[in-house]
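Only one structure is covered here, and it is reproduced in the block below.
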Amino acid sequence: MSEQTIALIGNPNVGKTVVFNALTGSKAHVANWPGVTVEKKTGKMDNITVVDLPGTYSLTATAIDDLIARNYILEDSPQLVIDILDATNLERNLYLGLLLKEINVSVIFVLNMMDIVRKKKIQIDLKKLEKYLKSPVISTAAINDEGISDLKKLIKQELKSSSLKDDRVLYDEEIESRITQIKDILTKYDQFQKDDNLRWISIKILEKDEKVFEKIREIPDGEKIIGDIEKLVKKEDRILLASARYSYISEIIKNCYKSPRNHFSVSGFLDQFFLDKYLGIPIFLVILWAMFEFTFQVATPFMSLIELIQEKLGVLIINLLGESLLSSFLVDGLINGFGSIIIFLPNIFLMFLVLSFLEDSGYLSRAAFVMDRFMYKLGLHGRSFVSLILGFGCNIPAIMSARSIESEKDRLVTIMINQNISCSARLPVYILIAGVVWRENAGGIVFSLYLLGIIVGISMALILQKFVLKSERSLFLLELGDYRFPTVKYTVIHMWERGREFLKKAGKIILVTVIILWFLQVFPLGSSPNESYLYTFGKFIQPIFSPLHFGVIAVIGIIFGFIAKEVVISAFALMLGVSESLPSLGPTIFMEFGSSPVIAYSFLVFILLYTPCVAALGTIYQETGSKKWTIFSVLYGLGLAYFMAFLVQLIGGVYF
Amino acid sequence: MKENYPQIMKLIAVLNLFFICLIIALEVLSLWIKIPFLSGETLDPIGLSEITGSWPDFLIRLFIMVLSLIIYISALTNLKLNPSKAYSFIIGGGFLLLGIGGLSILIYGCQILDLLIQMNFEGWNWYSGFHLEMMLFFINLPVLRIWKKKYIIFEKV
């Protein structure tokens, strides 16, 4: 028996990935936030392969993620398609359902979010809906695993009855007759005679779908076929087809869906404040500030605890092994070098916890909406801001999320400015330096750096769009789902998923880099710290940074930070030969900056803005497919960081 | 019990208003110390700077408090004319202050925990601006219970 495959499809933010996780037992990332899934994911349900496709509103491919979904259904021909619908918003979700019925594929309709439906006292007649859609309909609340076992049974049952039923939804006579005429023309040609999707192709021809026309042009006689069928296509067909679908949906809603009038909506109530014209942006900034306060303050006792353990461990090793090369490797290399990064784990996990909470609650999509109003005034695409917010966690998924932007130029701008957004890897550097220089004001300083990242990002987008990548303004469509109180399970899972990535990176790339750094610092053996390979290398590069007053050690940190930003701290710890961790490392670093808060801040600005890490650069290359843009992002990052750090010193020098 | 909700909400609004005004007054007073050219000196005998924190903290706190002030004044003026709107404001403002107060309690608790781990109590300021915000958390706790009964309240008025 050949392997069976099912595909999950649906509008963005209807809970496809939650259903996918429930069916397959996976832990793929989910959020109350449209556009989380930008590429297809696969998992296993018993022996059945389950594919989770990116969210899409229609099968008319415009953005890359929509195209992934459409191409998969048409070209990979899964045995069964599961259309996940947001049951609280059936009217809009059914449009995609009707489009699926135009393709030669078996469909199961899953009405998800039934828990919210019950809360809102909405009534849905599933039996009637099944009759209208001519396909099985089942209800679930996947977030609570409700209805999942019934869905599994239904999937297996539908896969057994392998033959396709003739259950298409029909349009009015005039449109149906022209669909038939186009089908008749196409069947005259060999290439189309065995095509199972002739009806779909004919409808797409009426809609003047560019991708379908391109495909026809590619085959011999393509131009002739187009000449024949174009006579049958009318200018208003696209509108006629859409209105035919919508009138069918209206009929379904009228007969199957009852929503109580004047129902008090929590989301509507909260949005009065969060989406307010004047309050929206200040509230977003307050939430951002609260996030950093929380991250900083709550992490402090945990950091002290890790620090205490490291200190005791260092003493224990020295007592056991005495002063030797091995003890130097263990204490200076691993405990102080590598440990100086591990100490920031609480901060990173706590920031991910808050980000997951904001994402799952539905607030982050509101933040993007609020910022869109402001960005649109500047001539920027609001979707870019969604990508920027994701960059707070890690720039790599944020760069990938730009796939959902339709315009190629807008997508490039978003990728380019993403490196200006402060990812979690830079946080340890800020915390260490800000903590020692600005003490109780450290939270505010870190907040200012994050804000600066956003401001610089937006400004650079504006410059790139005005002078380098001029593009037409396109509309920003973002669905604002209801607020949901995040479940502890999913919030913790999300925090762990992201934190695990940090741990993996720490265990591989960072550990290896720290060992190399230690080697370069210790050798040649017996030399003083100022004669080591590392110092000699830093001394060679340092003159470039002389105008910024960065010393040799800061320069070494910057260079190794190119591999992973966290390594900047390890470089400081190793070079300064500080045996205890944070308490003495911070002040020693501050002395490296000539005890000048202005130089310290300009160093932080440089760390914020300079070239992203190697992994992020790899993603930029993968997403743009261009060496030119990848090199540009390196040079642009370095140039911008140098300029801004210089500016900080220039302005700071006047006032402080 | 539910018949008492309007009175409880009114009491919550009045108490909130009192504490918000107190915090704003302290914030404004601390400006005198924060900006040396206004006072001509940087002395801070009663430790106001400690209470109001750094500049970003000060500005954000002031924004939240002024926003809350507007919310509660609007709530109290609407209480007779448009009770539904007034209750929305009291509950919405309540959640905001629960968040701010909760964050303060968490931060204060973590600072004490940190001191315990380090066993270092020297220079610890037992009194801080957090206390006033902590009060806001306790005052607004009944909002959670009222919120559970929101349908009764909003459908009644």
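The values are calculated or read from the model by the stated rules, or taken from the named source; none is laboratory data. All values derive from a computational prediction rather than experimental measurement. Positions of Cβ are generated from backbone atoms using ideal geometry, with glycine treated the same way; all protein chains shown enter the neighbour counts. Please note that ligands, DNA and RNA were not included when accessible areas were found on the heavy atoms of the full protein model with its side chains. Shrake-Rupley method; radii C 1.70, N 1.55, O 1.52, S 1.80 Å.
Residues in the range A:265-296 that are facing another protein chain (nearest Cβ under 10 Å) and not hydrophobic (A, V, I, L, M, F, W, C): 3 in all. Can you tell me which residue in the range A:464-492 is modelled with the lowest pLDDT, limited to those that are open to solvent by less than 40 Å² (accessible area, probe 1.4 Å) and assigned to a helix (DSSP H, G or I)? If we take residues in the range A:464-492 being open to solvent by less than 40 Å² (accessible area, probe 1.4 Å) and assigned to a helix (DSSP H, G or I), then A:Y490 is modelled with the lowest pLDDT.
Can you pull out the residues in the range A:308-324 that are open to solvent by less than 70 Å² (accessible area, probe 1.4 Å) and closer than 16 Å to B:Q118 by Cα?
Step one: of the range A:308-324, the residues open to solvent by less than 70 Å² (accessible area, probe 1.4 Å) are A:310, A:314, A:317-318, A:322, A:324.
The answer is A:Q310, and nothing else.
Taking the range A:141-151 as the range and being open to solvent by 50 Å² or more (accessible area, probe 1.4 Å) and more than 27 Å from the chain's Cα centre (by Cα) as the test, the residues that pass are A:E146, A:S149, A:D150.
Assess whether A:I201 counts as being surrounded by fewer than 13 Cβ atoms within 10 Å (Cβ to Cβ) and β-branched (V, I, T).
Values: surrounded by fewer than 13 Cβ atoms within 10 Å (Cβ to Cβ): no; β-branched (V, I, T): yes.
No, not satisfied.
Would you check if A:V648 is among the aliphatic types (A, V, I, L, M) and at pLDDT 90 or above? Yes; evaluated as a whole, the condition is true for this residue.
Which members of the range A:172-198 meet the condition of being open to solvent by 50 Å² or more (accessible area, probe 1.4 Å) and in a loop (DSSP other than H, G, I, E, B)? The answer is A:D172, A:K188, A:K194, A:D195, A:D196. Among the residues that make up the range A:252-264, is at least one of them under 30 Å from A:L355 (Cα atoms), within 14 Å of chain B (Cβ to nearest Cβ) and open to solvent by 30 Å² or more (accessible area, probe 1.4 Å)? So far as the range A:252-264 goes, yes, one or more of its residues are under 30 Å from A:L355 (Cα atoms), within 14 Å of chain B (Cβ to nearest Cβ) and open to solvent by 30 Å² or more (accessible area, probe 1.4 Å).
A count restricted to the range A:350-377 and to residues that are under 19 Å from A:I455 (Cβ atoms) and without any contact (Cβ under 8 Å) to a residue 60 or more places away in the chain stands at 1. Is it true that some residue in the range A:376-390 is open to solvent by 20 Å² or more (accessible area, probe 1.4 Å) and at pLDDT 75 or above? No: the range A:376-390 contains no residue that is open to solvent by 20 Å² or more (accessible area, probe 1.4 Å) and at pLDDT 75 or above.
Residue-by-condition table, conditions (1) more than 30 Å from the chain's Cα centre (by Cα); (2) more than 21 Å from A:L647 (Cα to Cα); (3) modelled with pLDDT under 80:
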residue	(1), (2), (3)
A:S546	yes, no, no
A:I556	yes, yes, no
A:A573	yes, yes, yes
A:L576	yes, yes, yes
A:G586	yes, yes, yes
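Kindly indicate whether any position in the range A:77-98 is of a type in the set (A, V, I, L, M) and modelled with pLDDT under 80. No.
Among the residues making up the range B:123-157, a single one is among the acidic types (D, E) and modelled with pLDDT under 70: B:E155. Selection over the range A:416-433 of residues that are among the β-branched types (V, I, T) and either in a loop (DSSP other than H, G, I, E, B) or surrounded by fewer than 24 Cβ atoms within 10 Å (Cβ to Cβ) (or both) gives a count of 1.
Checking each residue in the range A:106-140 for being open to solvent by less than 40 Å² (accessible area, probe 1.4 Å) and part of a loop (DSSP other than H, G, I, E, B) picks out A:M113, A:I122, A:S135, A:P136, A:T140. Among the residues of the range A:135-179, write down those that are of a type in the set (V, I, T), under 17 Å from A:K101 (Cβ atoms) and at pLDDT below 90. Within the range A:135-179, A:V169, A:I175, A:I179 meet the criteria. Being touching a residue at least 60 places away in the same chain (Cβ under 8 Å) and open to solvent by 30 Å² or more (accessible area, probe 1.4 Å) is the requirement here; does A:L285 meet it? Yes: the conditions hold for A:L285.
Could you tell me whether any residue of the range A:621-642 is among the aliphatic types (A, V, I, L, M), closer than 30 Å to A:P397 by Cβ and at pLDDT below 90? So far as the range A:621-642 goes, no, none of its residues is among the aliphatic types (A, V, I, L, M), closer than 30 Å to A:P397 by Cβ and at pLDDT below 90.
Can A:G333 be described as open to solvent by less than 80 Å² (accessible area, probe 1.4 Å) and touching a helix residue (DSSP H, G or I) at 6+ places or on another chain (Cβ under 6 Å)?
Values: open to solvent by less than 80 Å² (accessible area, probe 1.4 Å): yes; touching a helix residue (DSSP H, G or I) at 6+ places or on another chain (Cβ under 6 Å): yes.
Considered against the rule, which asks whether it is open to solvent by less than 80 Å² (accessible area, probe 1.4 Å) and touching a helix residue (DSSP H, G or I) at 6+ places or on another chain (Cβ under 6 Å), A:G333 comes out as yes.
Residues of the range A:15-42 that are modelled with pLDDT of 80 or more and either under 20 Å from A:S106 (Cα atoms) or not assigned by TED's automatic domain parsing to the domain that holds A:R70 (or both): A:K16, A:V19, A:F20, A:L23, A:T42. Evaluating B:G109 against the criteria (1) touching a helix residue (DSSP H, G or I) at 6+ places or on another chain (Cβ under 8 Å); (2) modelled with pLDDT of 85 or more; (3) under 20 Å from B:L141 (Cα atoms); (4) not aromatic (F, W, Y) leaves one unmet condition, (1).
Looking at A:F656, is it modelled with pLDDT of 90 or more, open to solvent by 20 Å² or more (accessible area, probe 1.4 Å) and in contact with a Pro (Cβ under 8 Å, 6 or more places away or on another chain)? It is false that A:F656 is modelled with pLDDT of 90 or more, open to solvent by 20 Å² or more (accessible area, probe 1.4 Å) and in contact with a Pro (Cβ under 8 Å, 6 or more places away or on another chain). Mind checking whether some residue in the range A:300-307 is acidic (D, E), within 13 Å of another protein chain (Cβ to nearest Cβ) and either under 28 Å from the mean Cα position of the chain (by Cα) or open to solvent by 70 Å² or more (accessible area, probe 1.4 Å) (or both)? No, the range A:300-307 contains no residue that is acidic (D, E), within 13 Å of another protein chain (Cβ to nearest Cβ) and either under 28 Å from the mean Cα position of the chain (by Cα) or open to solvent by 70 Å² or more (accessible area, probe 1.4 Å) (or both).
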